[in-house]
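The values are calculated or read from the model by the stated rules, or taken from the named source; none is laboratory data. Just so you know, these numbers come straight off a predicted model, no measurement behind them. Every residue, glycine as well, gets a Cβ built from its backbone with ideal geometry; the counts of neighbours run over all protein chains shown. Accessible surface is based on the protein model in full, side chains and every heavy atom, while ligands, DNA and RNA are left aside. Shrake-Rupley method; radii C 1.70, N 1.55, O 1.52, S 1.80 Å.
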Amino acid sequence: MELITLKEVDSTNNYAKKNLEIFSDKTVVRALRQTSGKGRLNRSWVDLGEGNLFFSIVLKPSDKFCDIYANLTQYMSVVLCELLEEYGLAPQIKWPNDVLIDGKKIAGILSETVMLGANFKGLILGVGINLNAEIKDVKRVPDKLVTALSIELSTKIDAVEFLNKLLDKFFSNYDEFLDNGFEFIKSDYIKRACFLDKEVCVQLINETKHGIAKSVNDSGELVLEDDGKEFSLTIGDIL
Ligand code: BTN
């Protein structure tokens with residue numbers, strides 16, 4: 001694994017994508033500041049200042065796209081929860097991959113698949129984690145309840161140490177995850193899920209869906225029930 005640290009960049013995902021050809025598998029690009037961080041569903045990711053984590057992992061697991069690569073964001077959310085638990089917290093996951101503490105978002109994950117024609121070139125797994133921020137900073141984030149590890153623990157967090165621990169954990173079971181897919185993490189994911197058996201509203205790209213969140217299936221999809229009918233969603237965001 002190689003770690004590249006940039007002083008400032010528009011988006012580590014964009015930077016990783018632009019340099020995908022020259023970066024080898026498992027290269028990690030971190031930026032101390034991010035000026036145009038991207039979130040899921042065309043949202044933005046607010047830079048809460050130096051001391052927070054903005055990084056993207058370049059992954060080139062094979063020459064062909066495989067469906068389970070789409071579950072890597074969920075794998076990362078579980079790994080991140082495990083690490084936050086070591087800090088004494090009780091994180092939860094909001095489908096598909098938001099990590100929350102007491103209902104407040106502490107981290108977001110955005111994966112982008114790069115194809116050239118029909119050829120799979122790689123996957124960029126972008127992660128933003130609020131490590132060091134004050135309450136007045138997190139209030140700047142529009143539309144969301146947000147927190148930071150420093151707020152939860154009332155202490156400053158060493159970002160390099162946190163990142164190294166997270167990457168160690170991520171790569172220690174990465175191969176096993178690739179061999180087994182979502183089923184490998186399903187029980188660890190479900191036990192931290194905060195949305196099951198609740199009435200939810202899910203934002204899709206151009207529409208919203210409502211229903212009771214019944215389960216997460218073996219592919220990591222959200223199973224909803226509405227009017228006695230069950231259906232599953234592959235992408236979206238619980239509002
Ligand atoms: C979300 O919750 O909407 C996903 C947010 C992902 C943010 C990270 S920060 C590092 C990487 N670079 C980006 O532009 N976005 C991701």
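For the reader, a short list of remarks on this structure follows.
- Counted residue by residue at 0.36 nm each, then reduced by the alpha carbon distance between them, the extension gain from Asp102 to Val160 reaches 18.4 nm.
- Computed over segment 110-166, Cα set: Rg, Dmax in Å: 16.2, 49
- Solvent-accessible surface of segment 190-235, averaged per residue with a 1.4 angstrom probe and all protein chains in place: 60 square angstrom.
- In terms of the mean number of neighbouring beta-carbon atoms within 10 Å, the peptides 142-149, 47-54, 20-27 order highest first as 47-54, 142-149, 20-27.
- Listed peptides 69-78, 221-230, 100-109 by packing density, highest first (mean Cβ within 10 Å): 69-78, 100-109, 221-230
- Compactness of segment 99-239, expressed as Rg and Dmax over alpha-carbon positions, Å: 17.5, 49
- Each residue of segment 1-128 gets 116 Å³ once the volume of the Cα convex hull is shared out per residue.
- Pairwise label distance in nanometres, Lys121 with Leu153, each label 7 Å out on the Cα-Cβ vector: 3.8 nm
- Shape parameters for segment 6-45, alpha-carbon atoms, Rg then Dmax in Å: 10.6, 28
- Per-residue [θ]222 nm for the chain (sum of -39500 (n - 2.57) over DSSP H runs n ≥ 4, rounded to 500): -6500 deg cm²/dmol
- Percentage relative contact order, segment 59-113, counting C-alpha pairs under 8 Å, at least six apart: 27 percent
- Under the criterion of Cα pairs below 8 Å and six or more residues apart, the relative contact order for the chain equals 17 percent.
- Model label zone, Asp175; criterion: amide N under 15 Å from point 7 Å along Cα-to-beta-carbon; scope segment 54-80: 61-62
- Rg/Rh (Cα only; Kirkwood hydrodynamic radius) as it applies to segment 143-200: 1.08
- Expressed to the nearest 5 percent, the antiparallel share of DSSP beta bridges inside segment 34-181 is 95 percent.
- Net +/- balance of residues flanking Leu166 in space, Cβ distance below 14 Å, scoring K and R +1, D and E -1: -2
- Ratio of Rg to Rh over the chain (Cα coordinates, Kirkwood Rh, two decimals): 0.94
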